[in-house]
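A.B. asks: Quick one: the structure is below, questions incoming.
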Amino acid sequence: MATARAVATMAIFLLIALSASQMAFSLRPGAALGVCRASGYLPGRSGNCEKSNDPDCCEDGKMYPQYRCSPPVTASTKAVLTLNSFEKGKDGGGPSECDNAYHSDQEKVVALSTGWFSNMARCGHRIKISANGNSVYAKVVDECDSVHGCDDEHNFEPPCDNNIVDASPAVWDALGLDQNVGMVDITWSEE
């Protein structure tokens, strides 16, 4: 009888310990909220970085985080808007991945971080971008690569962070934003 009681007591103790550990995990900031962590690090390599929109250019030997995921998409997804030209010969690198074409700086187009781009699943979709009380619709035409970078194809720029909406000057203008700032907190949603 004492052995059965000891086993039952031990089982209850283990259940309480596991429950407490699970509860502690779930109370950690960001736990179970789809937090996206770096999946690796890319060693930097400098090169001919075209600087028309004041990009961050790779530095030799610096380690840059890589992301294969992005935060969950919600009705009002928080992101960082960055400035990018999608014109040939500018800081956007090669043609847009969705249509293998370049786009005028007057077009309202964006590139999304790798996780949000979702293997081209959002190509051609219009998203609503909001900042400072203004909103604009823009078409997804490219990926802001969160895994690869520091090479000619990526203008010797590091991989994008996992929460980037890389937008043309036309998007910045429509939102009434100063392009010299270079980065602005925004929200976006799918149309």
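The values are calculated or read from the model by the stated rules, or taken from the named source; none is laboratory data. For clarity, every value in this text was computed on a predicted model and none was experimentally measured. Note that we place each Cβ from the backbone using ideal geometry, even for glycine, and neighbour counts take in every protein chain shown. Just the protein is used for accessible areas: all its heavy atoms, side chains included, with ligands, DNA and RNA removed. Shrake-Rupley method; radii C 1.70, N 1.55, O 1.52, S 1.80 Å.
A.B. asks: Give Asn119, Asn53 a once-over and let me know the one that is under 16 Å from the mean Cα position of the chain (by Cα), within 18 Å of Val165 (Cβ to Cβ), open to solvent by 30 Å² or more (accessible area, probe 1.4 Å) and not aliphatic (A, V, I, L, M).
C.D. replies: Every option except Asn119 fails the conditions.
A.B. asks: For Gly34, only one of the following conditions fails: (1) modelled with pLDDT of 95 or more; (2) closer than 23 Å to Ser130 by Cα; (3) of a type in the set (Gly, Ala, Ser). What is its number?
C.D. replies: (1)
A.B. asks: Further, regarding this structure: In this structure, is Met183 among the hydrophobic types (A, V, I, L, M, F, W, C), under 30 Å from Glu59 (Cβ atoms) and surrounded by fewer than 15 Cβ atoms within 10 Å (Cβ to Cβ)?
C.D. replies: Yes.
A.B. asks: Also, quick follow-up: Can you find a residue in segment 166-176 that is surrounded by 24 or more Cβ atoms within 10 Å (Cβ to Cβ) and touching a helix residue (DSSP H, G or I) at 6+ places or on another chain (Cβ under 6 Å)?
C.D. replies: The answer is no; no qualifying residue exists.
A.B. asks: Considering only segment 70-79, state which residues are in contact with a strand residue (DSSP E or B) (Cβ under 9 Å, 6 or more places away or on another chain) and either open to solvent by 50 Å² or more (accessible area, probe 1.4 Å) or more than 19 Å from Asp178 (Cα to Cα) (or both).
C.D. replies: Those that are in contact with a strand residue (DSSP E or B) (Cβ under 9 Å, 6 or more places away or on another chain) and either open to solvent by 50 Å² or more (accessible area, probe 1.4 Å) or more than 19 Å from Asp178 (Cα to Cα) (or both): Ser70, Pro71, Val73, Thr74, Ala75, Ser76, Thr77, Lys78.
A.B. asks: Just to check your reading of the model, which residue among Ser130, Ser135 is of a type outside the set (Phe, Trp, Tyr) and open to solvent by 50 Å² or more (accessible area, probe 1.4 Å)?
C.D. replies: Among Ser130, Ser135, only Ser135 is of a type outside the set (Phe, Trp, Tyr) and open to solvent by 50 Å² or more (accessible area, probe 1.4 Å).
A.B. asks: When segment 80-101 is examined, which residues are found to be surrounded by 17 or more Cβ atoms within 10 Å (Cβ to Cβ) and farther than 17 Å from Gln179 by Cβ?
C.D. replies: Of everything in segment 80-101, those that are surrounded by 17 or more Cβ atoms within 10 Å (Cβ to Cβ) and farther than 17 Å from Gln179 by Cβ turn out to be Gly93, Ser96, Cys98.
A.B. asks: Right, something else. Quick one: would you say Val140 is surrounded by 18 or more Cβ atoms within 10 Å (Cβ to Cβ), closer than 19 Å to Val184 by Cα and touching a Gly at 6+ places or on another chain (Cβ under 9 Å)?
C.D. replies: Judged against the criteria, Val140 is a match.
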